[in-house]
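Worksheet for the structure shown next.
The values are calculated or read from the model by the stated rules, or taken from the named source; none is laboratory data. Not measured: the values here are computed from a predicted model. We place every Cβ from the backbone using ideal geometry, glycine too, and count neighbours over all the protein chains shown.
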Amino acid sequence: MELHTKTAHELRDMLRRREVSSVELTRDVMARINAAEPAVQAYVTVMGDEALRMAANADKALASGEPQADLAGIPLAIKDNMCTRGTLTTCSSKILSNFVPPYDATVVSRLRASKVVFTGKTNLDEFAMGSSTENSGIKKTRNPWDTSRVPGGSSGGSAAAVAAGMAIAATGSDTGGSIRQPASLCGIVGVKATYGLVSRYGLVAFASSLDQIGPMTRDVEDAAILLNALAGHDPMDSTSAKYTPPDYTSFLNKPIKGLRVGLPKEFFADGLDPEVRAAIDAAIKKLEELGAIPVEVELPHSKYAVATYYLCATAEASSNLGRYDGAQYGHRAEADNVVDMYCRTRAEGFGPEVKRRIMLGTYALSAGYYDAFYIKAMKVRTLIKGDFEKAFAKCDVIAGATAPTAAFKFGEKTDNPLEMYLSDIFTISVNLAGICGVSIPCGFTSGGLPIGLQLLAGPFEEGKLFTAAHAFEQATEWHTKRPPAISA
Ligand code: GLN
């Protein structure tokens with residue numbers, strides 16, 4: 001039986017009916033990892049023995065007769081920028097290549113409490129800076145749909161693992177699109193939650209006012225289940241919202257008759273690949289058939305989103321990454337004096353994109369430039385947020401493409417960082433505004449590459465996303481497709 005191709009909710013039901021044990025399921029996923037990992041390279045660390053121990057524990061809990069969480073016994077991968085006590089957490093950076101955290105991120109401890117089985121830690125662009133996972137300081141992850149192409153990024157390892165059957169679901173983090181864009185390029189579901197909904201405690205910080213953790217799964221129901229496990233107030237994160245999340249599965253299986261779907265013309269402009277555009281147009285038609293009402297909306301400041309993001313994100317990153325000096329943890333270079341030690345540690349430990357961002361951010365924050373760059377970017381950020389507020393007065397959700405193209409080839413955008421930055425053109429304004437979004441599979445290119453539909457909603461309106469995304473998914477077959485090599 002091909003257990004590793006199933007969804008978490010199907011497997012939950014099988015575990016509860018005792019048709020399969022978590023140990024059997026975990027062995028099946030580990031066998032899949034052994035078979036596919038040489039080609040896909042999704043993991044920095046595979047937690048084979050520990051996964052089996054966690055599975056045996058989950059089986060004990062499931063046999064106890066006590067009620068268990070939906071995800072009890074389900075093999076799930078963790079992006080390698082979330083701290084796991086006793087297990088290497090590298091952020092795919094040489095500077096953290098030996099870092100074993102003494103504590104768990106809040107999301108990790110919440111998943112442990114749900115008796116989730118950890119398959120391992122997944123690869124990412126170094127410090128989550130990138131859109132293709134090519135910036136990883138450890139390895140390059142390949143797209144399971146076509147291994148000559150990137151899986152997207154920065155959560156490329158998580159997306160590839162879920163798509164290839166090497167984990168049933170995974171966590172990702174999204175600062176400017178890092179959950180939604182790889183979900184789109186790998187044909188899975190990815191949710192960027194409202195800023196403050198999921199605790200960032202123990203998430204290695206990139207840009208603290210933008211970073212948000214969320215689910216990466218095979219279908220919308222699994223995303224609702226995983227978000228239930230992740231969301232909720234955490235006193236350990238000062239930006240965590242004092243908000244009691246609803247049960248996100250209660251938003252599934254609802255009609256969308258009368259749902260107003262906002263279509264910003266800025267999301268349908270030049271640069272959108274024609275095949276992607278055709279799939280998005282067809283998806284919107286499908287939503288209309290289901291009773292949704294299209295509404296024209298405007299996001300006039302979205303043309304400044306990429307520039308604004310790359311000022312805010314690099315400024316915050318340059319400050320956050322100041323802590324990696326070799327003195328307390330991580331890589332430490334040999335030197336005769338402390339200043340040389342700092343300099344060499346950072347020169348050896350950080351890759352080129354991370355250095356570029358630290359320099360850009362330091363420049364934007366430096367005396368004389370602060371008002372012209374950083375403060376200006378903060379003002380535009382407020383305008384972008386205002387655009388969404390106005391738009392959501394006229395509609396319930398906004399729809400468009402998650403990414404302007406399907407998965408691109410290795411090396412295609414690495415020579416030109418600006419071109420790489422443009423792959424986030426539809427995702428980053430969402431982080432600047434702090435709102436929520438989802439990417440769901442909505443078609444394929446003629447070359448067989450997945451295309452993602454992005455749906456957005458206002459702050460703490462994840463329920464609307466789940467209702468709309470689930471209705472679309474139930475009326476289509478895209479989410480049932482698996483990369484050729486793994487279809488059973
Ligand atoms: N691709 C964007 C960047 O490079 C977003 C990354 C992310 O969301 N972590 O910054």
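Annotation: Gly368 fulfils all but one of (1) outside any helix (DSSP H, G or I); (2) closer than 20 Å to Leu263 by Cβ; (3) not β-branched (Val, Ile, Thr); the unmet one is (2). In this structure, does Ser148 turn out to be modelled with pLDDT of 95 or more and near the ligand (Cβ under 9 Å from one of its atoms)? Answer is no for this residue. Among residues of segment 460-478 that are in contact (Cβ under 8 Å) with a residue 60 or more places away in the chain, those with a beta-carbon under 7 Å from a residue that is assigned to a loop (DSSP other than H, G, I, E, B) and among the acidic types (Asp, Glu) at least six positions away or on a different chain give the pairs Lys464/Asp396; Glu473/Asp219.
Selection of segment 390-431 for residues being farther than 28 Å from Asp222 by Cβ, in contact (Cβ under 8 Å) with a residue 40 or more places away in the chain and assigned to a helix (DSSP H, G or I) yields Lys390, Ala391, Pro417, Met420, Tyr421, Leu422. Checked against (1) within 16 Å of the ligand (Cβ to nearest atom); (2) within 22 Å of Ala231 (Cβ to Cβ), Glu134 meets all criteria but (2). Can you list residue pairs whose Cβ atoms sit under 9 Å apart, with the first residue in segment 156-181 being under 18 Å from Lys139 (Cβ atoms) and the second being within 13 Å of the ligand (Cβ to nearest atom) and among the basic types (Lys, Arg)? Count only pairs 6 or more apart in sequence or on different chains. If the second residue must be within 13 Å of the ligand (Cβ to nearest atom) and among the basic types (Lys, Arg), the pairs left are Gly157/Lys79; Ser158/Lys79; Ala170/Lys79; Gly172/Lys79; Gly172/Arg180; Gly172/Lys192; Ser178/Lys79; Ser178/Lys192. Cβ separations smaller than 6 Å between residues 6+ apart or across chains give no pair from segment 57-74 residues that are without any contact (Cβ under 8 Å) to a residue 12 or more places away in the chain to residues that are buried (at least 22 other Cβ atoms within 10 Å of the Cβ) and assigned to a loop (DSSP other than H, G, I, E, B).
In the set Ser423, Ser429, Ser439, which member is at pLDDT 95 or above, among the polar types (S, T, N, Q) and farther than 27 Å from Gly291 by Cβ?
The unique qualifying residue is Ser429.
The number of residues in segment 173-201 that are of a type in the set (Gly, Ala, Ser), buried (at least 24 other Cβ atoms within 10 Å of the Cβ) and more than 9 Å from the ligand (Cβ to nearest atom) comes to 6. Answer with yes or no whether Leu383 is touching a residue at least 60 places away in the same chain (Cβ under 8 Å), under 27 Å from Thr141 (Cβ atoms), surrounded by fewer than 23 Cβ atoms within 10 Å (Cβ to Cβ) and out of contact with any Phe, Trp or Tyr (no Cβ under 6 Å at 6 or more places or on another chain). No; evaluated as a whole, the condition is false for this residue. Among the residues of segment 317-327, just one is more than 11 Å from the ligand (Cβ to nearest atom), crowded, with 22+ Cβ neighbours inside 10 Å and either modelled with pLDDT under 95 or of a type outside the set (Phe, Trp, Tyr) (or both), namely Leu321.
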